[in-house]
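Step one of this worksheet: look at the structure below.
A short reminder: the numbers here are calculations on the coordinates, not readings from a lab. Nothing here was measured: the structure is a model prediction, and the numbers come from that model. Glycine gets a Cβ as well: all are built from the backbone with ideal geometry, and neighbour counts include every protein chain shown.
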Amino acid sequence: MSTYIQDQLNDFKENRKNRGCLLINCPDKPGIVATVSRFLFQYNANIIESSQYSTDPEGGDFFIRIEFECPDLQSKKEEIKLSFEAVAENFNMDWKITFASEMKKTAIFVSKELHCLRELLWEWQNGDLMTELAVVISNHEDSREIVEGLGIPFHYIPASKENRNEVEAKQLQLLQEYEIDLIVLARYMQILTPKFVEANPKRIINIHHSFLPAFVGARPYDRAYQRGVKLIGATSHYVTNDLDEGPIIEQDIMRVDHRDDIAALKKIGRSIERSVLARAVKWHLEDRIIVDGNKTIVF
């Protein structure tokens, strides 16, 4: 990793050493916001951003994201987490507190198409993806020079249906060694086994080159061309054991017409894929996503 990028990450952690984020999902009832606000006030914390959503004020579910600044947060982190358990129990909350200084470690999986990888690397170099980009894993050698040129470890592990279990065992070992928090499938053209997915719940983000639920699976641009679509898109979602059916994080589209052949659709689609995946990864890193069943709440 270059000194410039490392300095950016260090500056971010230092400047936000007192920044925390609280994500809550619970049954909706009066007093949630007031109680949480009072709790943070006890620690002299200042709420700097708050977003909330209720599915139904009468008997629905309540979601809230609160970002706060708290003086001397580093010495209070464990106490805050422990103390909040009583509040969470009272409201039957599914919750987590994260701290900006504890930067997430990310692994990128990629195959031969490198446009999504290049976009993520550019955003990372530019300081728009605040993460420790720990490793890139690929079943092809095409991206080695780009990755290693930025000082990022690169691991080439050939993968196929025949050796999938062996490959995933090596990958899981690497993820453990690098202490990975987030896995990004940047056009990694291999289907993950249930064992791999279950080992990383809500921690794998994929980019699918269609506007789901249309054209699930392989060769979506070919099928879109045969169908004569007028819009093509891309979808970024969390990976589950159901192919291309995990909770959707972000989508986008572009208009096409009869003049666009399959090659043109792919070229247009790559532009959409890049931006959709980058936004989804950024929102995850910033703790802006709450997964609710097979949906997401994105603040």
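Roughly speaking, what is the stretch gain from D7 to E148, that is 0.36 nm per residue apart minus the C-alpha to C-alpha distance, in nm to one decimal? Intermediate values should be presented prior to the final figure.
Details: separation 141, 0.36 × 141 = 50.76 nm, distance 1.86 nm.
Difference between extended and current length: 48.9 nm.
Return the single residue from A100, A234, A34 with maximal mean-square fluctuation; model: Gaussian network over the chain, springs between Cα atoms under 10 Å.
A34
Given R₀ = 30 Å, what would the calculated FRET efficiency be for R16 paired with K170, taking r from the Cβ atoms and rounding to 0.05? Before the final figure, lay out the partial values.
Details: r = 35 Å, r/R0 = 1.16.
The value I calculate is 0.30.
Provide the gained length on full extension for the span K230 to R38, in nm with one decimal, where the gain is 0.36 nm per separating residue minus the Cα-Cα distance. Provide the component values of the computation, followed by the final result.
Working: separation 192, 0.36 × 192 = 69.12 nm, distance 5.18 nm.
Length difference between fully extended and current span is 63.9 nm.
Here are some pairs, K13/K77; K202/K282; K104/K282; K96/K195; K13/K282; K195/K267; which of them have Cα atoms lying more than 23 Å apart in this structure? Please list the in-between numbers first.
Values: K13/K77 15 Å; K202/K282 15 Å; K104/K282 11 Å; K96/K195 25 Å; K13/K282 16 Å; K195/K267 34 Å.
Where the Cα-Cα span goes over 23 Å, the pairs concerned are K96/K195; K195/K267.
Computed FRET efficiency, Cβ-Cβ of Q74 and D94, R0 22 Å: what is it to the nearest 0.05?
Details: r = 26 Å, r/R0 = 1.17.
That pair, Q74 with D94, gives E of 0.30.
Take I253 and V87, extend 7 Å from each Cα along the Cα→Cβ direction, and tell me the distance between the two endpoints in nm.
For the pair I253/V87, the computed spacing is 4.1 nm.
Multiply the residue gap between N46 and R219 by 0.36 nm, knock off their C-alpha separation, and tell me the result in nm, one decimal place. Present the calculation step by step, with values, prior to reporting the outcome.
Details: separation 173, 0.36 × 173 = 62.28 nm, distance 4.96 nm.
Length difference between fully extended and current span is 57.3 nm.
Using a/c under 1.5 as the rounded threshold, could you call the stretch 1-116 rounded, prolate or oblate? The axes a ≥ b ≥ c are square roots of the C-alpha gyration tensor eigenvalues, and prolate needs a/b larger than b/c, oblate otherwise. Don't jump to the answer; show the numbers that get you there.
Details: a/c = 2.70, a/b = 1.48, b/c = 1.83.
Oblate.
Going highest first, how would you order 198-205, 52-59 by mean Cβ packing within 10 Å?
The packing order, highest mean first, is 198-205, 52-59.
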